[in-house]
Amino acid sequence: MVANLCMLAVMMVAVVLCSFVASLIPGRPVPEVVFFVIAGVVVGPHCLGIVSSTLGLDLVSRLGMGFLFLMAGYELDLRELTGKMGRHATVCWAVSFGIALIVTPLLGLGLDQTGCAAFAIALTTTAYGTLVPIMRDRELAGTSVGEVIESYGAMGEIWPVVAMSVLLSPSRSLGANVLVLAAFIVFCVLVAVRGKAASELGSRLSRFLHENAESSSQPTLRATVALLCALLALAAVLDLDAVLAAFAAGFILRHVIPADHGHRLMDKVEAMGNGLFVPVFFVYSGIGIDFRAVGENPGLLIGFMALLLLVRALPLLASLHVFAETRTMPTGEKISAALYCTMALPLIVALTEAATSAGAMDEAMASVLVCAGALTVLVIPVITSLSVRAVAAHPVEAVHEMAEHPHHVREIIHEHHEHAHEMAEELLEERRHLREEGVHLSSADFLARRGELRRRRRRR
């Protein structure tokens, strides 16, 4: 007990310091969860050796993962997911998964069939649970990019979770996994429907929860935690992935609790989860990363990061160009949305944990994949910064112009270079103005909100 408390204290001190360091970076392009993972590596057994894996910390970490995906599940709107963009997002994910299944065996990683499936799923994931607070902090909700993330990002997390539950459970056959998963989903839907019916009938329990929601006993929050723990326990008994159970808890809450009460409840859930459990989950995930294993296989590290962009980002970008509802989006917004949807850190942590538990992946490869997932969150802002200049330069138009006027190549290059320079200056100017308002603007946010920022600037 004493050891667990001391290690938890070290982890929380690291969390506070990480939040402070993340706030010092101009534009805050790197989410603080990356620093949490790095802190886990530093204090973990492969570095300083202050924190190690224990049953008590493992339980706190599991609850942190539960809170993270519960909050993401609550944000899901089934009407949007089953709409046109949601269907197209499903098609896009299926294409990415198909490409990943073809490419993975060709890499020569020495994985069995289950291991190849796990690696392929990892290449198609989106960290929607992490993107939700980022979207809120960066005011992307309601923008074109925000709408794309809500559909494509959500499907990029839902379908990998389903695939994990079906393909990464070695204790049952594929058909049995499908049946158990279907039964679990039906159970959750029935709980949501019956819970809604009980609420509408004004049952005594429902009245008690709503009438005392703001009291010191916080019965609604306690009921939420009870629901999460019960579904996590049920998923463990059925050998299903814990992420699926947490998503289901969020889904049930959204359909049982009225919207006005739901927002107040989620504020409390976020305070509880983000104050302790979620940061501990990310730090605890980092203690399992062995940098020596990562250093021994740099090719896999770089290759996985490149494959994430090729397998997930490029099909998503092509999808935004093809389908009518997103075809008219500016190129910069499409690039920003595709890059956001390539962030995959927390789900890769859950996936590698499931794969190593199933014996389909060793700890060394899991360390490389988690590290690569964290690095993508660092690299993507850099790629987005380069994209700002690339978008402004209009390289495709420049090539056409040079082909039509080969004697004016120098002038054409200079003109497009000036356009790129002007957009870079525009980004710096917007950053300066918004910094005065206490808002940090990253390159990805600039691409995502450029039209809105221009309108705001005209009103100044």
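Apply the a/c threshold of 1.5 to the C-alpha gyration tensor of the range 1-73 and tell me whether it is rounded, prolate or oblate. Oblate. Computed about the Cα centre, the dipole magnitude for the range 34-150 is approximately 100 debye when only Lys and Arg (+1) and Asp and Glu (-1) carry charge, each at its Cβ. Maximal additional length on extending the residue 6-residue 291 stretch stands at 100.2 nm, based on 0.36 nm per residue less the C-alpha distance.
Solvent exposure of the range 1-53 amounts to 51 Å² per residue of accessible area, where only protein heavy atoms count and the probe is 1.4 Å.
How do 268, 334 stack up against each other in accessible area, from largest to smallest, with a 1.4 angstrom probe? Could the numbers behind the result be given before it?
Values: 268 45, 334 5 Å².
Result of the area sort, largest leading: 268, 334.
Over all directions, the projected convex hull of the C-alpha atoms in the range 240-375 averages 11.1 nm² in area. Taking packing as the residue-averaged number of other Cβ atoms within 10 angstrom, the listed peptides 299-310, 182-193, 347-358 run from highest to lowest as 347-358, 299-310, 182-193.
On the range 273-329, 70 percent of the accessible area sits on carbon and sulfur atoms, based on a 1.4 Å probe. When each of the peptides 221-234, 243-256 is scored by the mean number of other C-beta atoms lying within 10 Å of its residues, the order from highest to lowest reads 243-256, 221-234. The length gained on full extension between residue 141 and residue 186, counted as 0.36 nm times the residue separation minus their Cα-Cα distance, comes to 13.1 nm.
Note down the net charge around residue 371, summing +1 for each Lys or Arg and -1 for each Asp or Glu among other residues with Cβ under 14 Å from its Cβ. Around residue 371, the charge tally is -2. A Förster radius of 25 Å, combined with the Cβ-Cβ distance separating residue 55 from residue 237, puts the computed FRET efficiency at roughly 0.85.
The values are calculated or read from the model by the stated rules, or taken from the named source; none is laboratory data. Since the model is a prediction, treat every value here as computed from it, not as a measurement. Using ideal geometry, Cβ is built from the backbone for each residue, glycine included, and neighbour counts are taken over all protein chains shown. Keep in mind that these areas ignore ligands, DNA and RNA; they rest on the heavy atoms of the full protein, side chains included. Shrake-Rupley method; radii C 1.70, N 1.55, O 1.52, S 1.80 Å.
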